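Since the structure comes first, as structure tokens, the remarks are kept for the end.
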Amino acid sequence: MTITHSSPELSPELLSKLDGIELTDPLGFSKVMAPIMAVAHYRDGAWETPRLTGLEPMALWPHTQALHYGQALFEGMKAYRNLGDAVPGASALLFRPFEHARRMNRTALRLGMPELPEQVYVETLERLVSALDKLVPNRQGQSLYLRPTMFGATADLSVVPSTEFCFVVLATPSDAFFTAPISAWIERLFSRAGPGGTGNVKAAGNYAASFAAAAKLGKLGFHQLLWLDAATHTQIEEFTAMNVFVRRGDRLVTPPLSDTILAGVTRDSLLKLGPTLDLDMREEPVLIDEVVDAARSGEDVELFGCGTGAVVAPVELLGDDSGLRLPLPNREVASRLRQYMLDLQHGLIAGPEGWQWPV
Ligand code: COI
């Protein structure tokens with residue numbers, strides 16, 4: 001793959017877009033979009049070098065491929081303020097950016113889109129975060145959320161892959177997604193993913209396909225769906241936008257990666273960190289009925305979600321349409337893991353090589 005064109009320097013005009021922007025609490029999520037984004041086009045078999053430009057509406061033909069056939073993906077990442085001295089000299093830290101680059105490329109290939117070189121992906125994020133340093137919040141748990149996106153940009157209604165693509169990285173200063181334990185609804189009607197489908201990649205359509213099922217959550221007062229396997233609706237797979245872990249006694253179990261489970265970077269990080277924190281981490285199928293029965297009988301059970309957005313989110317209530325309303329009072333391990341991850345992400349403690357990426 002060849003990269004063409006060189007990247008223009010940050011102009012004073014571009015930087016002036018940041019003038020007058022102050023971070024005021026609450027930041028929320030996606031309330032304030034950073035006025036600078038990164039953009040690159042793929043044409044004639046090559047990516048141009050991503051360039052920083054002002055945030056502005058994009059002109060797309062109504063017959064742009066992504067709008068009709070969903071040839072679109074995204075990644076979720078965060079730039080955290082460096083609050084410690086584990087990574088000296090860095091103003092902000094990205095967490096395992098090359099893992100995200102690799103996952104984006106797996107998604108791109110699955111959807112018939114071209115890979116972007118990992119180095120280009122990471123350098124683009126570095127340049128964007130560096131330009132937006134004043135929008136990286138200073139408080140632990142807050143972040144500059146980054147949204148790399150790629151979509152098929154060819155204007156053509158034929159059911160074939162695009163030949164032109166667009167890579168965009170947006171940024172938005174954000175609060176922690178969840179600051180209190182959440183409730184989860186066991187989804188027994190709809191399914192998130194099927195064998196051979198796109199459940200293991202970050203296809204935009206996976207999220208659109210969850211909206212009808214998730215629509216009831218607000219009315220019921222629940223936060224996230226807990227998806228089960230499509231074939232039997234007996235095994236836990238994922239939450240709406242997070243991987244899932246269950247702790248029973250000393251064991252922490254998450255479903256093994258398959259073509260219906262997203263390879264979460266936080267999921268992988270917890271699996272790798274767990275043993276260093278004396279936790280017994282397993283990748284095994286988890287039956288929803290066993291978790292419910294164990295919690296009902298007073299066993300020491302925890303259920304939590306994990307993902308880039310949520311970090312680690314303990315679940316305090318499980319519900320379903322049979323009337324189940326099951327409190328889950330334990331959250332010691334989830335809370336400990338959440339704090340550990342945030343300490344790593346903010347550079348307060350040292351992590352494995354390459355995990356805390358200085359900007
Ligand atoms: C993530 O946690 O990885 C996300 O992409 C969150 C997003 C769906 C809001």
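The values are calculated or read from the model by the stated rules, or taken from the named source; none is laboratory data. Predicted model, so just to flag it, every value in this text is computed and none were measured. Please note: Cβ atoms are built from the backbone with ideal geometry, for glycine as well, and neighbour counts cover all protein chains shown.
Worth pointing out:
- Scanning segment 193-228 for residues that are out of contact with any Leu (no Cβ under 8 Å at 6 or more places or on another chain), part of a loop (DSSP other than H, G, I, E, B) and under 23 Å from Phe74 (Cα atoms) yields a total of 6.
- Among the residues listed as Thr53, Thr107, the single one being β-branched (Val, Ile, Thr), part of a helix (DSSP H, G or I) and touching a strand residue (DSSP E or B) at 6+ places or on another chain (Cβ under 6 Å): Thr107
- Pairs, first more than 21 Å from Asp293 (Cβ to Cβ) in segment 235-248, second charged (D, E, K, R) and within 11 Å of the ligand (Cβ to nearest atom), C-beta under 9 Å, six or more apart: Met242/Arg267; Asn243/Arg267
- Whichever residue in segment 85-140 is of a type in the set (Lys, Arg) and in contact with a helix residue (DSSP H, G or I) (Cβ under 9 Å, 6 or more places away or on another chain) and, among such residues, is farthest from Ile261 (Cα to Cα): Lys134
- Among the residues of segment 193-223, the one identified as within 13 Å of the ligand (Cβ to nearest atom) and within 20 Å of Thr234 (Cβ to Cβ) is Ser210.
- Here the condition is being free of Cβ contacts under 8 Å to residues at least 24 places away in the same chain, more than 19 Å from the chain's Cα centre (by Cα) and not in a helix (DSSP H, G or I); of Pro161, Pro88, it holds for Pro88 alone.
- Residue check for Leu14: surrounded by 12 or more Cβ atoms within 10 Å (Cβ to Cβ), closer than 24 Å to Pro137 by Cβ and at pLDDT below 95: yes
- In segment 264-276, the residues that are more than 16 Å from Arg336 (Cβ to Cβ) and assigned to a helix (DSSP H, G or I) form Cβ pairs under 7 Å with partners that are within 12 Å of the ligand (Cβ to nearest atom) and among the β-branched types (Val, Ile, Thr), at six or more places apart or across chains, as follows: Val265/Thr308.
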